[in-house]
Amino acid sequence: MGYSLSRTDVLAACAQYGAALAIPTLNGHAIAQALASNESSLGANCGPRHEPAYDVDGSTYNSSPLQRSLVARWGGAAACSYGPWQMMFINFPPGTTPGELYTRLDLLGSAFVSFFNSYVVGTRHAVTIADVGQVWNAGHVSLSPAPSVQVYVQHLQEAYAQALTASPVSGPS
């Protein structure tokens, strides 16, 4: 069962939570909005989106004891991404239930900021919108990303440029 969030609420969340993204080379509000545009059409399709790699016998499932325990507890719901930014269930705070991810935009937003700052910037050292797109879509930055990742990055760059011009946002462009 898919769900949606209002575009107005998602745009407000992008402004609110984007301000806390720790990537000084880019505009956080525009990043949050561009990712939400790419991932959920600004809230129209918030998932859950099943990712086979996170389910039984998938590559992430097989390599992650935490993912295996989440699937054991929550079943296929733990192998899905949720919300306007389509974050994987494993990246939400411990104790989060799948049901909360249908109704708690505050939880989705705060977890988005935490994951983005710790993983996208902290672990993968993204500094450009292309870096952000590669990490968000493929988990890492590559000198020769797969064609599907290249398309994702192109769409993200376009959405980022549109977010910068669509409304007044402050910070680096």
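Here are the numbers:
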| read-out | value |
| --- | --- |
| Matching entry among V121, V141 (being over 24 Å from N45 (Cα atoms), in contact (Cβ under 8 Å) with a residue 12 or more places away in the chain and assigned to a loop (DSSP other than H, G, I, E, B)) | V141 |
| Hits in the range 45-90 - residues which are within 15 Å of the chain's Cα centre (by Cα) and part of a loop (DSSP other than H, G, I, E, B) | N45, C46, G47, P48, E51, G83, P84, W85, Q86 |
| Hey, F112 buried (at least 22 other Cβ atoms within 10 Å of the Cβ), closer than 21 Å to Q33 by Cβ and touching a Gly at 6+ places or on another chain (Cβ under 8 Å) or not | yes |
| Number of positions in the range 149-168 that are surrounded by 13 or more Cβ atoms within 10 Å (Cβ to Cβ), more than 16 Å from the chain's Cα centre (by Cα) and of a type in the set (V, I, T) | 1 |
| Residues of the range 14-27 classified as within 13 Å of the chain's Cα centre (by Cα), assigned to a helix (DSSP H, G or I) and not aromatic (F, W, Y), total | 2 |
| Of the criteria (1) over 16 Å from the mean Cα position of the chain (by Cα); (2) aliphatic (A, V, I, L, M); (3) closer than 21 Å to P84 by Cα, which one A146 fails | (3) |
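Just so you know, all these numbers are worked out from the coordinates, no wet-lab data involved. Keep in mind that what you see is a predicted model, and the values were worked out from it rather than measured. With ideal geometry, Cβ positions are generated from the backbone for all residues, glycine too; neighbour counts draw on all protein chains shown.
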